[in-house]
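A.B. asks: First the structure, which I've put down as structure tokens, then a few questions once you've had a look.
The values are calculated or read from the model by the stated rules, or taken from the named source; none is laboratory data. For clarity, every value in this text was computed on a predicted model and none was experimentally measured. All Cβ positions, glycine included, derive from the backbone under ideal geometry; neighbour counts span all protein chains shown. These area figures cover heavy atoms from the full protein model, side chains too; ligands, DNA and RNA do not enter into them. Shrake-Rupley method; radii C 1.70, N 1.55, O 1.52, S 1.80 Å.
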Amino acid sequence: MTDFKTLDDVDVAGKRVLVRVDLNVPMEGDRVTDDTRLRAIQPTLNELAQKGAKTVLLAHFGRPKGKRDEAQSLKVVIPALEKALMQDVGFANDCVGEAAEAAVARMTPGDVLLLENVRFHAGEEKNDPAFAAELAKLGDIYVNDAFSAAHRAHASTEALAKLLPAYAGRSMQAELDALTKALGAPERPVVAVVGGAKVSTKLDLLGNLVAKVDYLVIGGGMANTFLAANGVDVGKSLCERDLLDTARDITAKAAAAGCRIVLASDGRLSKEFKANAQNRVAPVTDVAADEMILDIGPDGVAEVSAVLETAKTLVWNGPFGAFEIAPFDKGTVAVARKAAELTDEGRLLSVAGGGDTVAALNHAGAADSFTYVSTAGGAFLEWLEGKDLPGVKALAATR
């Protein structure tokens, strides 16, 4: 994963640099409600501008399915992008053809130009070589700074990288460096925390991790399936009873690989799934028929914290409980803060990712202390599953 070129390997002065970025940001009307992805690309774009590049941005927005849809135009992102970059950003109302070519031709060194949504063309998601060739006409150099789109084999993420000298942007570089340190060549012991609602959505993830980590801590609703597989009655807790044999298979594979699976010994139980519902803490072996396990309990927090005390590397995806509603956020918050504390002390390299995970760490006030927090959802998960990411593989192929 480390076999790729970066901006350190190229002179961009006066060059037309096509940069694939992720501008698929959440909106409320015409207002960007979360500028995290805009801030992530700021280092790359500012560096290119300072070095005199003509920076041409390629991005998608929404799901227009290969047809022009003004409601999904990237034009709406420009004010927030200009604020993040602290400079003017030009706009072309297409990403190929005369409009794009004329806009690029007018650029001077230091300029930034945003091209219209690449998904307005069917060739983008089809990874069409002809469409990629049209994009390539607009640039001299290709930079991918969109790890969050790297799991898609699309024209602007994969085919284009094979047509121009290709490099990783600073955000992509930071992501790949962090992921390599976390699982590619980690310092051991390695702990993986995997939470979430269902085992069925993370079978590939669990199967890959048991062969790579020393401890697999399972939380959230999926922990109930493993508890049930061990013969524990989990009451009316979320549980995939058709996957009990699968849970047992994963447990057996973990044992064979020398990976210890950690399940909390107690939980916070309630008869209702709502904020501030009446609840109690009890061993997981003491769940009534009408109760649900909605979080790990204090003993579980202590057990996971003890594992983290021995660890050198942590990979985290998914919360321990229903962290969105109090008091079922306590377990996730406590473990997140423990991981943050160990990271701040220099004792732990911590990498986390996935939408719920980022939200949970922010809720705990722990995200800023983690070594790296990935905003990529699907790409981060596929990397954890051990899959090749087309956008990353294309960069490595140009080495």
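A.B. asks: Have a look at Val217, Ser237, Gly169 and report the one farthest towards the positive end of the charge dipole of the range 155-260, computed about the Cα centre with Cβ charges (Lys/Arg +1, Asp/Glu -1).
C.D. replies: Gly169
A.B. asks: A further question on this structure: Per residue of the range 140-152, in order, report the coupling 6.51 cos²θ - 1.76 cosθ + 1.60 (Karplus, θ = phi - 60°) as ³J(HN,Hα) in whole Hz, putting x for Gly and Pro.
C.D. replies: Karplus values, whole Hz, x for Gly and Pro: 9, 9, 10, 10, 9, 10, 10, 4, 5, 10, 6, 7, 9.
A.B. asks: What residues have an amide H closer than 5 Å to that of Val284, excluding those fewer than 5 places away on the same chain, when H is modeled at 1.01 Å from N in the peptide plane?
C.D. replies: HN-HN under 5 Å from Val284: Asp266, Gly267.
A.B. asks: Rounding to the nearest 20 debye, state how big the charge dipole of the chain is about its Cα centre with +1 on each Lys and Arg Cβ and -1 on each Asp and Glu Cβ.
C.D. replies: Dipole size: approximately 420 debye.
A.B. asks: Loop-only check: which GluC sites (Glu not before Pro) in the range 260-310 are DSSP coil with at most 13 other Cβ within 10 angstrom?
C.D. replies: Details: sites: Glu272, Glu291, Glu303, Glu309; in loops: Glu272, Glu291.
Filter output for the range 260-310: Glu272.
A.B. asks: Mind listing the long-range amide H neighbours of Ile261? Cut-off is under 5 Å, sequence gap 5 or more, other chains count too, H placed in the peptide plane at 1.01 Å from N.
C.D. replies: It is Leu216, by chain and number.
A.B. asks: Hey, another quick one. Which far-off residues, 5 or more places away or on another chain, put their amide H under 5 Å from the one on Asn317, with H placed in the peptide plane?
C.D. replies: Here the answer is Val193, Val194, Gly195, since their amide H atoms fall under 5 Å of that of Asn317.
A.B. asks: Among Lys65/Lys387; Lys253/Lys387; Lys5/Lys181; Lys15/Lys162, which pairs are too far apart, with a Cα-Cα distance over 27 Å?
C.D. replies: Details: Lys65/Lys387 25 Å; Lys253/Lys387 19 Å; Lys5/Lys181 18 Å; Lys15/Lys162 18 Å.
Exceeds cut-off: none, every pair is within range.
A.B. asks: Still on this structure: Which whole-Hz couplings ³J(HN,Hα) result when phi for each residue of the range 351-363 is put into the Karplus expression 6.51 cos²θ - 1.76 cosθ + 1.60, θ = phi - 60°, listed in order with x for Gly and Pro?
C.D. replies: Couplings: 10, 9, x, x, x, 5, 5, 4, 4, 5, 5, 5, 4 Hz.
A.B. asks: Specify which labelled value, from (1) 1.00; (2) 1.08; (3) 0.94, agrees with Cα Rg over 2.2 N^0.38 Å derived from the coordinates of the model shown.
C.D. replies: So the calculated entry is the one marked (2).
A.B. asks: Can I ask one more? Take every Cα pair under 8 Å in the range 1-153 that's 6+ residues apart, average their separations, divide by the length, and report that relative contact order as a whole percent. Before the final figure, lay out each step's value.
C.D. replies: Numbers: 263 pairs, mean separation 48.9, N = 153.
That works out to 32 percent.
A.B. asks: Based on DSSP H runs of at least 4 residues, each adding -39500 (n - 2.57), what is the mean residue ellipticity at 222 nm of the chain after dividing by all its residues, to the nearest 500 deg cm²/dmol?
C.D. replies: -10000 deg cm²/dmol
A.B. asks: Hey, what do the phi angles of the range 301-315 turn into as Karplus ³J(HN,Hα) couplings, whole Hz, using 6.51/-1.76/1.60 and θ = phi - 60°, x for Gly and Pro?
C.D. replies: 4, 5, 5, 5, 4, 5, 5, 5, 4, 8, 7, 10, 9, 10, 10
A.B. asks: Rounded to a whole number, what % of the accessible area of the chain do carbon and sulfur atoms account for, probe 1.4 Å?
C.D. replies: Reported share for carbon and sulfur atoms: 48 percent.
A.B. asks: If I histogram all Cα-Cα distances within the range 10-75 using bins 5 Å wide from 0, what percent of pairs lands in each bin?
C.D. replies: 3, 15, 22, 20, 16, 13, 8, 2
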